[in-house]
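Notes follow once the structure below has been shown.
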Amino acid sequence: MTSRFGEDVESSLARLNRDRIERLATLAYGDRAWPMYCVLPRLLDRARPTVLISGGIHGDEPAGVYAALAFLADARHEFDDAFQFVVFPCINPSGFDANMLETASGANLNRLFGILSSQPEVRAVEDWLGRCAVRFHLTFDLHEVRPDYVGEGYTEEDNPQAAYLYETVTDRSPRIGRAMIDALPPGRAVCQWPTIYDDINDRGLISYPQDARNRIYAMGTTFDGFLTGRNYTGHAFTLETPTGWPLQDRVATQLTFLRTALRYATPRLGTTVPS
Ligand SMILES: [Zn+2]
């Protein structure tokens, strides 16, 4: 049976020839099953700075999946000397195929981290992170925002229709989110609202933990909250593009955010961190 996951994700992964592709889980729903993949170096060297990139926790936010795949295929080579990469390209393949936020069983995966959930996608990711025991230099969880999202006390008017990002720093790393926003070309609108889902938004940038006002994020059950809360990283990003834009613009925006962050985090590339 053909599927968007098979045609786009698995075929793209099959073209990678320098990486190791681990199948972390088989996700069975009804009479169908999907693999969950992790892409990592042939030899993971715990002494090297390691960057985690994840997409598709929400299945109806495809630009993150395509950006993670495009990064693996091409953009990462600029940074291969400075970093090694661990990539979960599509954490919710059943939702991706159905173009829905939840899994085929109805679970919102980004509310189930850190609570010993038995949800298989969450178990696969949490167990792998525990086994691997890498502390990441940076993490990026790639999301999108839909104009018609309604839930958790929010209505359609609450959904930004422009790009923005969350930057969490818990280890005194210099903040680089402003440079990521500023790197966007004119025409890629940035959300200028004073708040986004109750959090304080400064021209497209929500700085955690100090600007957090959203009670969902305060529970620490999101993937970025889990990664910083369990000290898998001290510097986590969640990137958001609006699904109302053409897909290619959303993917390009996610890649601009990724590239800019990695350039600023790479001293040997000669870029200094803005004050
Ligand atoms: Zn999302």
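The values are calculated or read from the model by the stated rules, or taken from the named source; none is laboratory data. Everything numeric in this text was worked out from a predicted model, so none of it was measured. Ideal geometry is used to build each Cβ from the backbone, glycine not excepted, and the neighbour counts take in all protein chains shown. Note: accessible area is taken over every heavy atom of the protein model, side chains too, but ligands, DNA and RNA are not part of it. Shrake-Rupley method; radii C 1.70, N 1.55, O 1.52, S 1.80 Å.
Could you give the dipole magnitude of the chain about its Cα centre, charging the beta-carbon of Lys and Arg +1 and that of Asp and Glu -1, in debye to the nearest 20? That gives the chain a dipole magnitude of about 1080 debye. Once both labels are positioned 7 Å from their Cα atoms along Cα-to-Cβ, the gap between Arg135 and Arg32 label points is 4.1 nm.
For the chain, modelled as a GNM with alpha-carbon contacts under 10 angstrom, which of Asn214, Asn17, Asn159 fluctuates the most? Judging by the Gaussian network model, the answer is Asn17. The residues of the chain expose, per residue, 42 Å² of accessible area to a 1.4 Å probe. Extension gain, Gln161-Arg178: 0.36 nm per intervening residue step, less the Cα-Cα distance, totals 4.2 nm. Per-residue SASA remark: Thr26, around 80 Å² accessible (1.4 Å probe; ligands, DNA and RNA not included).
May I ask which residue of Ala212, Thr233, Gly177 lies farthest towards the positive end of the charge dipole of the chain, with charges of +1 (Lys, Arg) and -1 (Asp, Glu) on Cβ and the Cα centre as origin? Looking along the dipole axis, the top candidate is Thr233. Counting only protein heavy atoms and using a 1.4 Å probe, what share of the accessible area of the chain belongs to carbon plus sulfur, as a whole percent? Reported share for carbon and sulfur atoms: 50 percent. Would you please classify the overall shape of the chain from the alpha carbon gyration tensor, given that a ≥ b ≥ c denote the square roots of the eigenvalues, rounded means a/c under 1.5, and beyond that prolate means a/b larger than b/c while oblate covers the rest? It is rounded, given that a/c, with a ≥ b ≥ c, falls under 1.5.
The simple spin-label model puts a point 7 Å past each Cα toward its Cβ; for Leu116 and Tyr154 those points are separated by 3.0 nm.
Let me make sure I get this right: for segment 175-275, a, b and c are the square roots of the gyration tensor eigenvalues over alpha carbons, sorted descending. Under 1.5 in a/c it's rounded, otherwise prolate if a/b > b/c, else oblate. Which is it? Oblate. Coupling constants for segment 127-142 follow from the phi torsions by the Karplus curve (6.51 cos²θ - 1.76 cosθ + 1.60, θ = phi - 60°), and in residue order they are 5, 5, 4, x, 5, 6, 6, 9, 9, 7, 5, 8, 10, 10, 10, 9 Hz; glycine and proline get x.
Label zone (His77, point 7 Å along Cα-to-C-beta; backbone nitrogen cut-off 15 Å) within segment 1-44: 15-19. If both residues of a DSSP beta bridge must be in the chain, then about 50% of such bridges are antiparallel.
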